[in-house]
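Read the figures in this text as sums done on the coordinates, not as results from a lab. Keep in mind it's a predicted model, so treat the numbers as computed, not measured. Here Cβ is always computed from backbone atoms with ideal geometry, including for glycine, and neighbour counts include all displayed protein chains.
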Amino acid sequence: MTPEYFSDAYRKGLRLTTRLLLSKGLSLEEAEEFAQSAWARGWEARHQLREPERITTWVNTIAIHKMYSAKRSGHREEELQDNHVYDPPPVVAKIDAEKLLDRCSPLDKTLILCHYTNGFNMEEIGQMHGISGAGIRVRIHRARTALRRFASAPTVPVERAA
């Protein structure tokens with residue numbers, strides 16, 4: 001691919017890439033930035049393109065991947081930078097949580113508490129209990145599903161004696 005061919009494709013395709021990113025919900029400034037970045041990456045990796053006539057589609061794919069990667073890492077940064085001080089949960093919520101956890105097996109209850117209240121990751125919990133990290137993940141998932149099913153089940157009204 002010659003520099004002139006790429007330059008011509010860039011002039012025609014930059015606007016199309018920007019419009020594509022706008023349609024994905026980005027602001028004009030973000031769309032222009034990601035589009036420019038994708039075309040720069042396309043220039044750097046132009047030797048990888050097998051069909052030069054598909055350059056705009058190829059660069060659009062790069063732009064979409066860059067956008068999603070930035071959104072994922074931005075979401076992680078927001079989670080890490082969350083400095084909000086949360087009020088303690090209401091007593092009623094604590095009582096409800098304890099009632100739900102009492103429905104779990106002792107091991108599942110321990111696993112859930114280790115992960116959600118103590119902040120251990122799956123591998124650390126697995127080492128403590130002699131179970132693989134994947135096994136811990138599955139057990140916690142199944143326990144949560146069962147608790148969610150129990151909590152959302154309709155309750156039977158109690159009849160009062162007259």
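Observations on the model:
- Between residue 49 and residue 92, the simple label model (points 7 Å from Cα in the Cβ direction) yields a spacing of 6.1 nm.
- Label point distance in nm, residue 5-residue 99, each placed 7 Å from Cα along Cα→Cβ: 7.1 nm
- Which of 30, 123 has the fewest Cβ neighbours within 10 Å, and the rest in rising order: 123, 30
- A simple charge model with +1 on the Cβ of Lys and Arg, -1 on the Cβ of Asp and Glu and nothing else charged puts the dipole of the chain at about 660 debye relative to its Cα centre.
- Residue order for 108, 8, fewest other beta carbons within 10 angstrom first, comes to 8, 108.
- Positive contributions from Lys and Arg (+1) and negative ones from Asp and Glu (-1), summed over other residues with Cβ under 13 Å from the Cβ of residue 139, come out at +3.
- Cross-link partners for residue 24 among the lysines, with Cα-Cα distance under 16 Å and sequence neighbours closer than 8 places in the same chain left out: 66, 71.
- Rg of the Cα atoms in the stretch 91-152, relative to 2.2 N^0.38 Å, amounts to 1.11.
- Only one item in (i) 137; (ii) 237; (iii) 152 matches volume of the Cα convex hull per residue in Å³ derived from the coordinates shown, and that item is (ii).
- Each Lys and Arg adds +1 at its Cβ and each Asp and Glu adds -1 at its Cβ; summed about the Cα centre, the stretch 3-80 shows a dipole of about 280 debye.
- Mean residue ellipticity at 222 nm, helices only, the chain: -23500 deg cm²/dmol; runs of at least 4 DSSP H residues each add -39,500 (n - 2.57), and the sum is divided by the number of residues.
- With a Förster radius of 45 Å applied to the beta-carbon distance between residue 15 and residue 146, the computed FRET efficiency rounds to 0.30.
- Rg followed by Dmax, in Å, when the stretch 3-80 is reduced to its Cα trace: 13.2, 45
- Radius 13 Å from Cβ of residue 117, net charge of other residues (Lys, Arg +1; Asp, Glu -1): +1
- Scanning the chain for trypsin sites (Lys or Arg not before Pro) lying in DSSP loops with no more than 13 further Cβ atoms inside 10 Å, the longest uninterrupted stretch between such sites is 104-159.
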